[in-house]
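Novice: Pasting a structure here, questions to come.
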Amino acid sequence: MHNSPRNFKHNAHQALQDNTIRSNFRGAMDFLRNKRRAAFPDREDFEQLSAQGEAIKQRCLQKLPQLLEQLEQQCHSNGIQVHWAETAQQANQIVQQLITDRGGRSAVKGKSMVTEEIGLTDHLHQFGIDCIESDMGEYIVQLAKEIPSHIIMPAIHKNAEQIGHLFADKIPNVNYTTDVDRLINTGREQLRQHFYGADVGISGVNFAIAETGTLCLVENEGNGRMTTTVPNLHIAVTGIEKVVEFLADIPPLLKLLTRSATGQAITTYVNMITRPRQDDERDGPKEVHLVLLDNGRSQAFADDELRKTLQCIRCGACMNYCPVYTRIGGHAYGTVYPGPIGQIFTPHQLGLEQTKDLPTASSLCGACEEVCPVKIPIPKLLQRLRVESNKPSLRVKTEHSDRTEPVVMHGEGSARRRLEALLWRVWAGICSRPALYRTTSWAVTRGRQLIPNWKNGWTQSRTLPKPASKPLHERLKNRIHS
């Protein structure tokens, strides 16, 4: 079930009451943190590699328009057909049309967050195309009719007992068990049948290399290689920010991605796809198509500060260290991308009207930025989104011109409340006038007992602070004259 980000506060409250969720995530987060810590034993080495990764991503983002054109040209030269999609709906229509035009009725899909982002599986089902998730975690989530709760481990919110009951309920002739090996083998047996019979394989892309027109996919289970090799038609879908300039950019980024995500020096499978099957080759798809998706990314790209959001390599480390995510899980966010990265990325997709609570769902402790392998300043970006959410109006006249400033984000100003804005203006007026400030301080300290104990906002879980009986400047004055 897909909760809405509009209901984040309610969702988070419910998740905090669920002991199973908290237990599952606590164990999983400790495991992933320990793996990452072992993968980066030397802090200095991590900082050097991280700085290299950040430099690569920033260089590629600065050249993004040119690199996308170069990628398209190189892909066409290699025999890969490129399609452009501005919205999720356009991307879904492109994929569906490619399958329908070839009479396809079944698809297997490798793990791909961008296809989750656009809701591709549900869209294909509307047209009678059966799309099966081939990643084990994604397969479990699909059986449960849920969305992933983590971008690397989609079913991290479930334990062996829950998966055992799910398989027994949903898969014919399967008995309940909590034996992990048996559960994995059951899933593999089911998926193997779909690989052989699928008309099309659908995948995401970890990195698209402009220099060579190569699509790079990393995975551990082999489902990605089967998905992109067995069916005659392979459709890859990726966000436009995944393009990198050179093949030489890939090794440092892979080191950062795999170690940050799963604590591995390298994943089991690194797939480099540059062309369809040639006449002298025995396997591989006859057609390869690449769908390049915008879906709000150009909005982030247009702002020099918000552009840093697009540096993300989808490792999930920020989630594993976030004190909010680790306690409420991924589903509470009501978004495909949960946790810190989702809080700064999703508003560009859905607008701040739907996601205005997400930028405030953070303690700003900085743990996410500290572990980010490409140094995304997530706390700073969260603060920026809070500013955008509380802008006075969607279009503001400049001081020296009647022209209006362009809208930075869809839905900016949606979290602004008139009463709150009025109170802050009154506060600013008091603090900027010394005489009025002294008078107000005197009145507040003398009437401190009359201040009610409100039970909303800050005071829902905190005691409302009471003003001192005398302000500091009055105490110091009395001390000097005594």
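Novice: Taking only pairs six or more apart or across chains, which ones have beta-carbon atoms under 6 Å, a first residue in the stretch 351-378 that is at negative phi, and a second residue that is of a type in the set (Phe, Trp, Tyr) and part of a helix (DSSP H, G or I)?
Specialist: From the stretch 351-378, the pairs are ASP357/PHE8; ALA367/TYR321; VAL371/TYR321.
Novice: Across the stretch 4-30, what is the number of residues that are within 20 Å of ILE152 (Cα to Cα), of a type outside the set (Lys, Arg) and surrounded by 15 or more Cβ atoms within 10 Å (Cβ to Cβ)?
Specialist: Final tally of qualifying residues: 5.
Novice: Regarding the stretch 14-27, can at least one residue be identified that is under 24 Å from THR258 (Cβ atoms), without any contact (Cβ under 8 Å) to a residue 60 or more places away in the chain and aromatic (Phe, Trp, Tyr)?
Specialist: Within the stretch 14-27, none of the residues are under 24 Å from THR258 (Cβ atoms), without any contact (Cβ under 8 Å) to a residue 60 or more places away in the chain and aromatic (Phe, Trp, Tyr).
Novice: Could you please find all residues in the stretch 228-240 being over 22 Å from the mean Cα position of the chain (by Cα) and either under 14 Å from ARG314 (Cβ atoms) or surrounded by fewer than 23 Cβ atoms within 10 Å (Cβ to Cβ) (or both)?
Specialist: THR229, VAL230, ASN232, LEU233 - these are the residues of the stretch 228-240 that are over 22 Å from the mean Cα position of the chain (by Cα) and either under 14 Å from ARG314 (Cβ atoms) or surrounded by fewer than 23 Cβ atoms within 10 Å (Cβ to Cβ) (or both).
Novice: Could you tell me whether the stretch 69-80 includes any residue that is touching a helix residue (DSSP H, G or I) at 6+ places or on another chain (Cβ under 6 Å) and either buried (at least 20 other Cβ atoms within 10 Å of the Cβ) or closer than 27 Å to GLY316 by Cβ (or both)? I'd like the intermediate steps shown before the answer.
Specialist: From the stretch 69-80, those touching a helix residue (DSSP H, G or I) at 6+ places or on another chain (Cβ under 6 Å) are none; that's our starting set.
Scanning the stretch 69-80, I find no residue that is touching a helix residue (DSSP H, G or I) at 6+ places or on another chain (Cβ under 6 Å) and either buried (at least 20 other Cβ atoms within 10 Å of the Cβ) or closer than 27 Å to GLY316 by Cβ (or both), so the answer is no.
Novice: Kindly indicate whether any position in the stretch 345-356 is outside the structural domain of LEU64 (by TED's automatic domain parsing), more than 22 Å from ASP249 (Cβ to Cβ), among the basic types (Lys, Arg) and buried (at least 19 other Cβ atoms within 10 Å of the Cβ). Explain how you work it out, then say what you get.
Specialist: Restricting attention to the stretch 345-356, the residues satisfying the condition of being outside the structural domain of LEU64 (by TED's automatic domain parsing) are 345-356.
Right, trim to more than 22 Å from ASP249 (Cβ to Cβ) and you get 346-356.
Those left that are additionally among the basic types (Lys, Arg): 356.
Right, trim to buried (at least 19 other Cβ atoms within 10 Å of the Cβ) and you get 356.
Looking for residues that are outside the structural domain of LEU64 (by TED's automatic domain parsing), more than 22 Å from ASP249 (Cβ to Cβ), among the basic types (Lys, Arg) and buried (at least 19 other Cβ atoms within 10 Å of the Cβ), one finds at least one in the stretch 345-356, hence yes.
Novice: Keeping to the stretch 209-227, report how many residues are surrounded by 20 or more Cβ atoms within 10 Å (Cβ to Cβ) and either part of a loop (DSSP other than H, G, I, E, B) or acidic (Asp, Glu) (or both).
Specialist: 4
Novice: Continuing with the same structure: Please tell me if TYR321 is closer than 17 Å to LYS9 by Cβ and crowded, with 18+ Cβ neighbours inside 10 Å.
Specialist: no
Novice: PHE246 versus (1) farther than 20 Å from SER203 by Cα; (2) buried (at least 16 other Cβ atoms within 10 Å of the Cβ); (3) touching an Asp or Glu at 6+ places or on another chain (Cβ under 6 Å): which is the lone unmet condition?
Specialist: Against the list (1) farther than 20 Å from SER203 by Cα; (2) buried (at least 16 other Cβ atoms within 10 Å of the Cβ); (3) touching an Asp or Glu at 6+ places or on another chain (Cβ under 6 Å), PHE246 comes up short only on (2).
Novice: Next question. Aliphatic (A, V, I, L, M) and touching a His at 6+ places or on another chain (Cβ under 9 Å): which single residue out of ALA55, ALA51, ALA38, ALA15 fits that description? Explain how you work it out, then say what you get.
Specialist: Working: ALA55 fails: touching a His at 6+ places or on another chain (Cβ under 9 Å); ALA51 fails: touching a His at 6+ places or on another chain (Cβ under 9 Å); ALA38 fails: touching a His at 6+ places or on another chain (Cβ under 9 Å).
That would be ALA15, the only listed residue that is aliphatic (A, V, I, L, M) and touching a His at 6+ places or on another chain (Cβ under 9 Å).
Novice: Check the stretch 143-151 and report whether any residue there is surrounded by 20 or more Cβ atoms within 10 Å (Cβ to Cβ), in contact with a strand residue (DSSP E or B) (Cβ under 6 Å, 6 or more places away or on another chain) and touching a residue at least 60 places away in the same chain (Cβ under 8 Å).
Specialist: The answer is no, given that none of the residues of the stretch 143-151 is surrounded by 20 or more Cβ atoms within 10 Å (Cβ to Cβ), in contact with a strand residue (DSSP E or B) (Cβ under 6 Å, 6 or more places away or on another chain) and touching a residue at least 60 places away in the same chain (Cβ under 8 Å).
Novice: Is the stretch 297-308 home to any residue that is in contact with a strand residue (DSSP E or B) (Cβ under 9 Å, 6 or more places away or on another chain) and modelled with pLDDT of 95 or more? If you could, list the steps in order and put the result at the bottom.
Specialist: Taking the stretch 297-308 and keeping what is in contact with a strand residue (DSSP E or B) (Cβ under 9 Å, 6 or more places away or on another chain), we get 297.
Right, trim to modelled with pLDDT of 95 or more and you get 297.
So far as the stretch 297-308 goes, yes, one or more of its residues are in contact with a strand residue (DSSP E or B) (Cβ under 9 Å, 6 or more places away or on another chain) and modelled with pLDDT of 95 or more.
Novice: Test GLN58 against the stated conditions and say whether it is under 20 Å from the mean Cα position of the chain (by Cα) and buried (at least 20 other Cβ atoms within 10 Å of the Cβ).
Specialist: Values: under 20 Å from the mean Cα position of the chain (by Cα): yes; buried (at least 20 other Cβ atoms within 10 Å of the Cβ): no.
Answer is no for this residue.
Novice: In addition: Would you check if there is a residue in the stretch 154-170 being surrounded by 22 or more Cβ atoms within 10 Å (Cβ to Cβ), in contact (Cβ under 8 Å) with a residue 12 or more places away in the chain and closer than 30 Å to LEU247 by Cβ?
Specialist: Checked the stretch 154-170: at least one residue is surrounded by 22 or more Cβ atoms within 10 Å (Cβ to Cβ), in contact (Cβ under 8 Å) with a residue 12 or more places away in the chain and closer than 30 Å to LEU247 by Cβ.
Novice: Can you tell me which of (1) in contact with a Leu (Cβ under 7 Å, 6 or more places away or on another chain); (2) among the aliphatic types (A, V, I, L, M); (3) part of a loop (DSSP other than H, G, I, E, B) is the one ILE156 doesn't meet?
Specialist: (1)
Novice: Could you look through the stretch 276-291, keep only residues that are touching a residue at least 24 places away in the same chain (Cβ under 8 Å) and either of a type in the set (A, V, I, L, M, F, W, C) or surrounded by fewer than 19 Cβ atoms within 10 Å (Cβ to Cβ) (or both), and pick out the one that is nearest to ILE240 (Cα to Cα)? Quick ask: steps written out before the conclusion?
Specialist: Just the residues of the stretch 276-291 that are touching a residue at least 24 places away in the same chain (Cβ under 8 Å), to begin with: 276, 283-291.
Filter again for either of a type in the set (A, V, I, L, M, F, W, C) or surrounded by fewer than 19 Cβ atoms within 10 Å (Cβ to Cβ) (or both), leaving 283-284, 286-288, 290-291.
Working: ASP283: 28, GLY284: 25, LYS286: 24, GLU287: 21, VAL288: 17, LEU290: 11, VAL291: 9 Å.
Across the stretch 276-291, the extreme among qualifying residues is VAL291.
Novice: Still on this structure, I have one more. Name every residue in the stretch 330-353 that is farther than 15 Å from ARG386 by Cα and in contact with a Leu (Cβ under 8 Å, 6 or more places away or on another chain), in order of residue number.
Specialist: Hits for the stretch 330-353 are TYR333, THR335.
Novice: Which of (1) assigned to a helix (DSSP H, G or I); (2) touching a Cys at 6+ places or on another chain (Cβ under 7 Å); (3) of a type in the set (Gly, Ala, Ser) is the odd one out, the single condition GLY164 does not satisfy?
Specialist: (2)
The values are calculated or read from the model by the stated rules, or taken from the named source; none is laboratory data. Because the structure is predicted, anything quoted here is derived from the model rather than measured. All Cβ positions, even for glycine, are placed from backbone atoms using ideal geometry, and neighbour counts span all protein chains on display.
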